[in-house]
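First comes the structure, then the notes that go with it.
A short reminder: the numbers here are calculations on the coordinates, not readings from a lab. Treat the numbers as computed from the prediction; the structure is a model and nothing was measured. Counting neighbours? That spans all protein chains shown, and the Cβs are built from the backbone with ideal geometry, glycine included.
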């Protein structure tokens, strides 16, 4: 299906005459600026790959080349390129081939050449729009005789015009009442009257205004742009907008009331259309690369299995349930085709914006050329508007898509009225998190002085200008008029690489960056309030403990990537020591859950002295032993072992040896023979001087320390000999 | 229609799903798994209900736990759950403590576990409990907590969050034994130190539950939850709400800087409060054993057969016959504008926020002290003043490195804002407002309150209305589309009034959790049926369908009266439908019979008009030359163009 409605024929008509190269010192010449704007326009066309065709006509050239040229007529006008799909050749031509001329040519003659070109070259082809864009400084003389004929012909053939001039022209009625186009008004650039304008140019301006007024009335003036405006607002070019396809359906209320409607997507995130193809680095061919997916079993050999030997399954919690595509298709939910049915109506305040979901906004109108439907929908729109209510509807795009529940609320404008549909969440999509109240939190309650500083800041950074007389508010930063810089940047890089394959990517263009920044007057005004805030609010960067760096931080900030990664690795290398325990970072004393671990953390992070930590540890060990239960014995053993290891590390062997000796005494007193058997079995003895130089204990002595005393309990010794295994001991108990 | 579909199709759009999935899954991998132990008092008092038809506290707890289980299966099946009873006769735990029965250790929720829980439901459940486990006479809470701590430490996975929910209706468990009580307190303190959260889900007790007797010292509310609940739960809904709010841990999407200018910076956390829940992706299984297989993808060079490293490849795009090649890093780099974070642009009146300029679901912004101290105070001051002056902050937002900036509005949100509004103007609650929305027992077996019948749910709205900024995405010029609107035809006041009557008849109270996703519900029901070897899966109740009968009954003669006022006598608002259907039917049988000669194709290629051909025609052409293209038009075009340029 050829979509002729978005196809346009565009003639770029550029003045390359003498005066175009003149510029004030430090400024770019109109010639260069015009080239920039044209590049931007053509580049968008090339990368958007739409079907528009573009021609380029230059006037003021040294030579002459056009179909109308005869005798002294239509001189110094060159048709540089005929109507065809724009490509890189055209971009290259604009960048390097077009040279300033030394002649002057009649702008109106050039217009006639352009019109002729459009007429001739669109014959037999379908173009929805025909369009001429003129880039000139208006400094060449022209003859008015044919002005009326030109206007008449433009009207007749439906050719629209846009002018791009080096300076903004004064637009009657001010700039504020442009409705939604207030970015067009030149907040950054010079204001009227432009400096150094000649009589000839003034005459030119009058002529251009006249042409535009007679073509499009008052609105015609909106189509005269300055170069700087055009650069800042790349979407001024008429034909690049995308239109939505209609979706027709019936809005139903109950089973008996339906209204024929048609819906269009009005907002959806525009994405880069083309994706990157992976190519071989040497041959630059994508055929050279093949991707292969293999399946293998989760065994040691990673045995490969063929795709035919695999089936599809789904996780259901911990279970995996085999579920073939066929079964799935048969059993899955089926919606019954397209649908826009009202489920009920509720107060608009109940459907808060924060619940809006999905990736589109639909505008719902009555079906085309159906007055009855229009009246019916209008009743609904006004009923909802007057009651301050909204409709909750079930929406299904077609039988293959899943149903949605969404809200439809009225939107009433001067020119039209409609319902706006936006998806709402299902119960499964909600996440209910709780946050502490900021209001009642004494820690973060701001003082009066702080509050008034913020108050001043908000006033100084206001992005609106109120016109008291007219009661209107002008938006100084209408974000929805700003084109997505991502596209412009991509096109810039692509073009640069196409024309200069060996060079690195260029920096981001300044005009794109400034488009994203707040208006200069706002940045100027807020300096004082901001410095006040700086002094009133203490804001200190937390010196990050390396061990608390989360994965996310690492990924967010590449500068830190190197060192933190290393750090994590070294931590992993350390035995008996889990990274998670470090990461928790909150250990302040030895608790009863993980005493051994806590102890290690404390002494290693030097959060407590060894003496203090070991005291706490010993307390726990004693508590454990008091229970006289095997589980606690095991836990105590862990503690003792940890104590021993760390003691060797920190040369605190004496402390450990004293403890162990005291422990042996205690064991005897409290009849904890079972426990001592475990100690003996695990061979936990005094620290010898082989292990730590500070110790005076010999290996022999250490061995002896564990040897059963003469009066040792015979029973326990017997038990030990019989089993000789801790597990047995455990079972005995 | 091809164009329309490609713009418009949103469901089942694989690419999109993946993208969203990445975003949602991203934070998972960083933070490990959440683990949650349900600790249920099983002493006799828990099995006594005050009323005949009232659920016993124990039954309520079990149903609530079951609901969390089934929810977890859907929303986050990697999380670990456990159920522990205490005050039992039998005991079952790794350390052989008395009166403690570990019913389920920490593991992913699964079918068998849900079934096991079901056995404890209702009167039969009570009997089952008495037969199998029985009530004990005594227990020590410190031992109970000890067992729980052991459950956590036995888990092999990395855990991000450990929580114990204690369900009981005994406010003074160790009243006569101060030693036990003090041990319990110590143990609870130990748990806190090791990062285990302990929540009290206290249930109704005759004479009221007095937290001051014992639990106030045991459960020291986390700083963040001050004042959330001190009410005991006497209804299942209350308990469910309480549990749900606690059960999901807030996952911060990212922590970012908010720059007022170069010098003044605070940090904020970004949270996702709404996130499209998708069916989990399928898993490949080995046919013989049903065990999951690993998938490995290799990229290799066709000519040499050698494996390719990422550095052996580049990225390319072709425009009008010209191939443009970039390094992979360059394709990332060109998306980079700012460092991640917010840059304040200025302030605008709240009323300038256009509801119909919605771009993508909003996020929630809350101060973050962990990176810059003092952030909360400045944040709080900004919030207070924005609310007072009714303005929003417009910022430039870069979510990640290498992501292009977008404009966002930070809309101040006051605590309980909605709540108050609702209370100021309570909705007319006539009759059993069940405009198709009354939920019967849904599959988890929970009687859920039909929306509109709830006593003003202070608790819930409280949760959903937290103070902070709502982050609203603002569209760029490119995101807006020109819509060819229909001429405005105004209805007259009489017609509007009639419609008003219709609207009033169909009022209900919207709650964001009123609707379940029928697609997901059906999927999980199918899974359940297969897992349990049921013959037929239970059909999910599709809550998104209008309850036409109820509606028709409520509307009565209003519809006919309205139609009479609005529609001409011979007008058929359902017209044209049949015609469309025919179109749809014949669509399938239409096969492309377009065959293009080589000359024609070449001509198209050289003129750059190949794009005029339809996708089927392009596919056919690709087939003719044995070219492998993708499914997208652009891919087909690229393949063909390349082919003819070479030739």
Where N is the number of residues in segment A:337-427, Cα Rg divided by 2.2 N^0.38 Å:
1.08
In whole Å, how far is the Cα centre of segment A:609-635 from that of segment A:330-376?
67
What percent do you get for the relative contact order of segment A:337-427 when only Cα pairs under 8 Å and 6+ apart count?
39
For segment A:19-87, what is the largest minus smallest coordinate of the Cα atoms on each principal axis, given in angstrom and ordered from greatest to least?
41, 38, 11
Pair-distance profile P(r), taking every C-alpha pair of segment B:110-224, with 5 angstrom steps and integer %
2, 9, 16, 18, 20, 16, 13, 4, 0
Fewest-first ranking of B:355, A:202, using other Cβ atoms within 10 Å as the exposure measure:
A:202, B:355
Listed peptides B:553-566, A:362-375 by packing density, highest first (mean Cβ within 10 Å):
A:362-375, B:553-566
Please arrange B:46, A:115 by how many other C-beta atoms lie within 10 Å of their C-beta, fewest to most.
A:115, B:46
Fewest first, what order do A:257, B:55 take by the number of other Cβ atoms within 10 Å?
B:55, A:257
Using C-alpha positions alone, give me the convex hull volume of segment A:593-704 per residue in cubic angstrom.
90
